[in-house]
Amino acid sequence: MTFTPKDRVRDVIHNFNADGFDSLGPKYSGDRPRKFTLPECWKIKTTVISRRRSLERHPVGQLTGTVMATLESG
(Lines give C-alpha, C1' and ligand atoms only; values in the text may rest on other atoms or scores of the structure.)
Protein backbone atom coordinates (compact mmCIF):
# COMPACT_ATOMS: atom_id res chain seq x y z
CA MET A 1 0.00 0.00 0.00
CA THR A 2 1.32 3.43 -0.85
CA PHE A 3 0.58 6.64 0.92
CA THR A 4 -0.36 9.25 -1.67
CA PRO A 5 -1.73 12.66 -0.78
CA LYS A 6 -5.43 13.16 -1.44
CA ASP A 7 -4.67 16.12 -3.71
CA ARG A 8 -2.53 13.93 -5.98
CA VAL A 9 -5.23 11.27 -6.21
CA ARG A 10 -7.80 13.94 -7.02
CA ASP A 11 -5.55 15.36 -9.77
CA VAL A 12 -5.05 11.92 -11.32
CA ILE A 13 -8.79 11.26 -11.34
CA HIS A 14 -9.55 14.66 -12.89
CA ASN A 15 -6.87 14.14 -15.54
CA PHE A 16 -8.22 10.67 -16.30
CA ASN A 17 -11.76 12.03 -16.66
CA ALA A 18 -10.50 14.71 -19.05
CA ASP A 19 -7.98 12.73 -21.14
CA GLY A 20 -8.80 9.05 -20.61
CA PHE A 21 -6.01 6.45 -20.58
CA ASP A 22 -3.57 8.86 -22.25
CA SER A 23 -3.40 10.76 -18.97
CA LEU A 24 -1.90 7.73 -17.21
CA GLY A 25 1.18 7.55 -19.44
CA PRO A 26 4.48 9.12 -18.43
CA LYS A 27 4.93 12.77 -19.34
CA TYR A 28 8.50 12.70 -20.62
CA SER A 29 9.94 12.85 -24.07
CA GLY A 30 13.04 11.32 -25.53
CA ASP A 31 14.85 8.13 -24.71
CA ARG A 32 16.37 6.79 -21.57
CA PRO A 33 19.18 8.84 -20.05
CA ARG A 34 22.52 7.94 -21.57
CA LYS A 35 24.88 5.61 -19.75
CA PHE A 36 28.31 6.75 -18.65
CA THR A 37 31.29 5.40 -20.56
CA LEU A 38 34.04 3.63 -18.62
CA PRO A 39 36.41 6.65 -18.74
CA GLU A 40 33.60 8.88 -17.49
CA CYS A 41 32.94 6.47 -14.61
CA TRP A 42 36.62 6.54 -13.67
CA LYS A 43 36.63 10.34 -13.71
CA ILE A 44 33.52 10.48 -11.50
CA LYS A 45 35.03 7.97 -9.09
CA THR A 46 38.36 9.82 -8.83
CA THR A 47 36.50 13.10 -8.27
CA VAL A 48 34.44 11.56 -5.48
CA ILE A 49 37.50 10.03 -3.84
CA SER A 50 39.53 13.26 -4.06
CA ARG A 51 36.68 15.28 -2.59
CA ARG A 52 36.40 12.77 0.22
CA ARG A 53 39.92 13.65 1.33
CA SER A 54 39.05 17.33 1.49
CA LEU A 55 35.76 16.62 3.26
CA GLU A 56 37.42 14.55 5.97
CA ARG A 57 38.79 17.78 7.40
CA HIS A 58 35.27 19.22 7.63
CA PRO A 59 32.75 18.10 10.33
CA VAL A 60 30.08 17.35 7.71
CA GLY A 61 32.54 15.09 5.90
CA GLN A 62 32.56 12.72 8.84
CA LEU A 63 28.88 12.00 8.20
CA THR A 64 29.51 11.05 4.56
CA GLY A 65 32.47 8.78 5.32
CA THR A 66 30.49 5.54 5.11
CA VAL A 67 28.99 6.42 1.74
CA MET A 68 32.33 7.48 0.32
CA ALA A 69 34.05 4.35 1.60
CA THR A 70 31.45 2.27 -0.22
CA LEU A 71 32.10 4.15 -3.46
CA GLU A 72 35.83 3.82 -3.02
CA SER A 73 35.68 0.04 -2.56
CA GLY A 74 33.35 -0.53 -5.56
Notebook entry, point to check: Is it the case that the range 1-10 has a residue that's assigned to a helix (DSSP H, G or I), at pLDDT 80 or above, surrounded by 10 or more Cβ atoms within 10 Å (Cβ to Cβ) and out of contact with any Lys or Arg (no Cβ under 6 Å at 6 or more places or on another chain)?
Noted result: yes
Notebook entry, point to check: Just checking, how many residues over the range 22-39 are at pLDDT below 85 and in a helix (DSSP H, G or I)?
Noted result: 3
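The values are calculated or read from the model by the stated rules, or taken from the named source; none is laboratory data. Here the structure is a predicted model, which means the values were calculated and not measured. Note: ideal-geometry Cβ built from the backbone for every residue, glycine included; neighbour counts use all protein chains shown.
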